[in-house]
Amino acid sequence: MSIYEIKENLEDHNYSPSEIVEILSNIDKEDIEEYAKENFVCPKCYGDLKLITYYEPRSEHFGMPVSEEMSELVCEECGWIDSN
Ligand SMILES: [Zn+2]
């Protein structure tokens with residue numbers, strides 16, 4: 001969606017031009033990335049994100065090998081990886 005389409009959508013909801021400028025200027029890049037990740041959309045190329053789960057070995061605990069379940073979001077299109 002281009003900024004013009006967003007603007008048109010906002011105008012359809014009877015926002016005034018000054019309100020639209022305020023809304024658009026308040027959109028934080030991190031908010032967009034957060035929204036993209038929640039919806040499994042790559043913030044870089046807008047492809048599909050995949051949630052990869054793997055086990056990372058941790059130090060032994062009372063003689064038992066311990067592994068921690070890790071997961072990260074990756075994009076198979078452009079190789080983007082969620083850095084959190
Ligand atoms: Zn991507």
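Measure off 7 Å from each Cα along the Cα-to-Cβ vector at Glu34 and Lys50, then give the distance between these two points in nanometres to one decimal.
According to this spin-label approximation, the distance is 2.8 nm.
Full-extension gain between Val21 and Glu60, please, as 0.36 nm times their residue separation minus the C-alpha to C-alpha distance.
8.4 nm
Top mean-square fluctuation among Asn26, Asn14, Asn39, Gaussian network model of the chain, C-alpha springs under 10 Å?
Highest fluctuation among the options: Asn14.
With an 8 Å cut-off on Cα pairs and a minimum separation of 6 or more residues, tell me the relative contact order of the chain in percent.
Normalised by residue count, the contact order of the chain is 19 percent.
Is the shape of the stretch 42-84 best called rounded, prolate or oblate, per the rule: a/c under 1.5 gives rounded, else a/b larger than b/c gives prolate, else oblate, with a ≥ b ≥ c the square roots of the Cα gyration tensor eigenvalues?
prolate
Projected onto the charge dipole of the chain (+1 at Lys/Arg Cβ, -1 at Asp/Glu Cβ, origin at the Cα centre), which of Tyr55, Leu73, Asn39 gives the Cα projection farthest towards the positive end?
Tyr55
Rounded if a/c is under 1.5, else prolate if a/b is larger than b/c, else oblate: which is the chain, with a ≥ b ≥ c the root eigenvalues of its Cα gyration tensor?
Judged from the Cα gyration tensor, the chain comes out prolate (a/c at least 1.5, a/b above b/c).
Among the trypsin sites (Lys or Arg not before Pro) within the chain, which fall in a DSSP loop and have no more than 15 other Cβ atoms within 10 Å of their own Cβ?
Sparse-neighbourhood loop trypsin sites (Lys or Arg not before Pro): Lys44.
Over the chain, with a Gaussian network built from C-alpha contacts below 10 Å, which listed residue (Ile23, Ile32, Ile52) shows the highest mean-square fluctuation?
Fluctuation is largest for Ile23.
Read-outs throughout are calculated quantities, based only on the coordinates presented, and are distinct from any laboratory measurement. It should be emphasised that the depicted structure is a prediction, and the values quoted were computed from it without experimental measurement. Neighbour counts run over all protein chains shown; Cβ positions are idealised from the backbone, glycine included.
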